[in-house]
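Below is one structure, written out as structure tokens; the observations come after it.
Here, each number is a calculation from the coordinates, and none is a lab measurement. These numbers were taken from a predicted model, which means no experiment stands behind them. Please note: Cβ atoms are built from the backbone with ideal geometry, for glycine as well, and neighbour counts cover all protein chains shown.
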Amino acid sequence: MKDIYKTKSPFEGEKVRLRTIEKSDLDDIMKYWNTYESRIGLGTIIPMSTMMEEEFIQSAHERAKSGRGHIFAIETLETKEFLGTCGIEEIMQINKSAVIGIIIHNPENHNKGYGTDAMICLLKVGFLVLNFHRLELLVMDYNKKAIHVYEKIGFKEIGLKREAHFLQGKYHDVYIMDILAKEFEALH
Ligand SMILES: CC(C)(COP(=O)(O)OP(=O)(O)OC[C@H]1O[C@@H](n2cnc3c(N)ncnc32)[C@H](O)[C@@H]1OP(=O)(O)O)[C@@H](O)C(=O)NCCC(=O)NCCS
């Protein structure tokens, strides 16, 4: 039998660590939270106030306590620099299914492998710690980078919400992608 003390924490990847999100992260979050480039991937460019974000952190804390959701901060392994957030929400207990999401805040930190590494950690936590059977995400059709990252990790495109998202005067399609625990286990 594998010695569990010799296994690596699923919260740690090659480059990043997932940890709890704290009120002290607020300033780091607000630094890039409302920049066009980083928010466009999330689909809403309506600015969020510090107060709204503070309430979100508080509600994330409540949801984590009751097992209704898990939001994590992403930091670099080496220097503990705050990189962004990721999370598991819309938990369906009976189906062992949930919706996940990720953002690396500072565009200068994009394309350095952090997003891929953090998403793999999130899936490890989802499957190996929280015992989910299936994890799903939504991604806008224009977010080619995110789609590339998700496909590389092993997500499959399972559906398309046609013209479901309105941004910059135009309707965009939204892809539904998912990955099963057994598929992730076979790949990682
Ligand atoms: C999407 C996101 C999480 C990816 O994280 P990241 O750290 O930038 O991604 P990585 O560095 O791990 O990987 C980027 C990959 O995309 C590729 N890529 C970059 N731009 C691309 C583009 N326009 N089209 C396709 N692939 C692209 C890179 O070459 C790299 O691929 P490789 O590893 O095979 O070489 C991050 O960019 C982000 O937070 N964006 C803003 C918010 C967002 O869109 N969140 C997702 C919502 S669904």
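Fewest to most neighbouring Cβ within 10 Å: what's the order for V16, V149? Could the numbers behind the result be given before it?
On the way: V16 28, V149 18.
Final ranking by Cβ density, sparse to dense: V149, V16.
With a 10 Å Cβ neighbour count serving as the proxy for reagent exposure, in which order, fewest first, do S38, S49 appear?
Details: S38 18, S49 11.
In order of increasing Cβ crowding within 10 Å: S49, S38.
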Query raised in the report: Between their Cα atoms, which of K31/K170; K15/K65; K31/K182; K6/K145; K6/K80 are more than 32 Å away from each other?
Result: K31/K182; K6/K145
Query - Evaluated over segment 75-136, the Cα radius of gyration and Dmax, each in Å - result: 12.9, 40
Query raised in the report: Taking segment 4-92, how much of its Cα-Cα pair set, in percent, is spaced more than 17 angstrom apart?
Result: 56 percent
Query raised in the report: By counting other Cβ atoms within 10 Å of each Cβ, how are M51, M177, M119 ranked from fewest to most?
Result: M51, M177, M119
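Given only helices, namely DSSP H runs of n ≥ 4 each adding -39500 (n - 2.57), what is the per-residue ellipticity at 222 nm of the chain, to the nearest 500 deg cm²/dmol? Present the calculation step by step, with values, prior to reporting the outcome.
Numbers: 6 runs with 56 residues, N = 188.
That comes out to -8500 deg cm²/dmol.
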Report summary line: In cubic angstrom per residue, the convex hull of the chain built on its Cα atoms measures 132 Å³
Query raised in the report: Under the Karplus relation 6.51 cos²θ - 1.76 cosθ + 1.60, θ = phi - 60°, what is the ordered set of whole-Hz ³J(HN,Hα) values for segment 19-29, x standing for Gly and Pro?
Result: 9, 5, 8, 10, 4, 5, 7, 3, 4, 5, 5
Requested in this report: Give me the Debye-computed log₁₀ of I(q)/I(0) at q = 0.18, 0.20, 0.21 Å⁻¹ for segment 42-117, equal point scatterers on Cα only, no solvent, two decimals.
Outcome: -0.90, -1.05, -1.12
Report summary line: Each label sits 7 Å from Cα toward the beta-carbon; between R19 and H148 the label points are separated, in nm, by 3.1 nm
